[in-house]
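The values are calculated or read from the model by the stated rules, or taken from the named source; none is laboratory data. Since this is a predicted model, take the numbers as computed values, not measurements. Positions of Cβ are backbone-derived with ideal geometry, glycine not excepted, and every protein chain shown enters the neighbour counts. For the accessible areas, the whole protein counts, side chains as well, though only heavy atoms, and no ligand, DNA or RNA atoms are used. Shrake-Rupley method; radii C 1.70, N 1.55, O 1.52, S 1.80 Å.
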Amino acid sequence: LQVFSDAELFKPFPKANRDKLVEIAEKRSWTSVTTRDKIKNDIDLINSYVMVNPYVANEISKLDGVSLDTALKIGFFMIENFPDEKSFIPKVCFEDFAFSIELVKKEKTPEMLRYLGENLTSNVQFMQQALSMFSGQSLVTAFYYVGSELTKDVDFMKYWIAKNPDLEKFADKTILALVNSKEVEVVVEVSNEVEKPTKRKRNSKKETKV
């Protein structure tokens with residue numbers, strides 16, 4: 001009724017959407033016993049609607065019965081067809097490791113990290129991979145989106161500060177002190193490795209009596 005209208009309460013969807021729905025229904029052999037979940041997860045049907053109304057992509061992903069896999073497919077569809085409409089991408093996509101890495105790779109801008117969920121911005125493996133795509137000032141910009149848990153991780157901060165000293169400003173005094181102390185320990189360990197002198201054997205000569 002909401003698609004085709006009932007001539008009273010509901011206004012029909014645009015003709016292009018109605019025609020696409022009929023086309024897909026015939027192609028999929030939908031009948032009166034076809035389940036709602038099957039229809040809701042038909043990516044061709046969803047994308048045909050999102051193509052006309054990209055602003056509903058996130059709302060569609062939240063419907064009961066729509067799977068995570070379908071939501072991710074909607075997200076990838078949005079990236080390809082509406083690169084400037086990231087705010088409409090299903091929010092669940094920004095909690096997925098693979099999707100988010102692909103997004104950062106495709107856009108190649110540190111600002112993409114601001115869309116990510118806390119579970120990723122505080123994930124060492126994810127952030128190491130994402131941050132490795134940037135350098136110089138873009139790396140500094142990317143660090144504004146690093147989760148607070150990671151900026152308190154001594155080993156993590158030591159690694160990135162070694163790559164760009166400007167990142168020291170993201171570490172509090174306690175963490176920075178620990179980072180520097182680890183560097184001192186390394187120097188001390190190296191300096192203590194003094195090569196021990198090798199003992200030479202004396203060649204003993206026997207006196208020969210004439």
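Of note:
- Taken over segment 88-108, the criterion of being closer than 22 Å to MET133 by Cβ, open to solvent by 10 Å² or more (accessible area, probe 1.4 Å) and touching a Phe, Trp or Tyr at 6+ places or on another chain (Cβ under 9 Å) is satisfied by PHE97, GLU102, LYS108.
A quick yes/no check of all residues on (1) in contact with a helix residue (DSSP H, G or I) (Cβ under 6 Å, 6 or more places away or on another chain); (2) modelled with pLDDT of 80 or more; (3) open to solvent by 80 Å² or more (accessible area, probe 1.4 Å):
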site: SER138; (1), (2), (3): yes, yes, no
site: THR141; (1), (2), (3): yes, yes, no
site: SER148; (1), (2), (3): no, yes, no
site: LYS158; (1), (2), (3): yes, yes, no
site: ASN164; (1), (2), (3): yes, yes, no
site: PHE170; (1), (2), (3): yes, yes, no
site: LYS173; (1), (2), (3): no, yes, yes
site: LYS196; (1), (2), (3): no, no, yes
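- Qualifying residues in segment 120-136 (those that are among the polar types (S, T, N, Q) and out of contact with any Gly (no Cβ under 9 Å at 6 or more places or on another chain)) - the one least open to solvent (accessible area, probe 1.4 Å): GLN128
- For the condition modelled with pLDDT under 90 and β-branched (Val, Ile, Thr), VAL66 qualifies.
- For segment 48-87, the set of residues classified as of a type in the set (Gly, Ala, Ser), open to solvent by less than 20 Å² (accessible area, probe 1.4 Å) and under 19 Å from GLU111 (Cβ atoms) consists of GLY75 only.
- Segment 127-155, residues that are touching a Ser or Thr at 6+ places or on another chain (Cβ under 7 Å) and part of a helix (DSSP H, G or I): MET127, GLU149, LEU150
- Selection within segment 109-119 - in a helix (DSSP H, G or I) and either buried (at least 20 other Cβ atoms within 10 Å of the Cβ) or over 16 Å from the mean Cα position of the chain (by Cα) (or both): PRO110, MET112, LEU113
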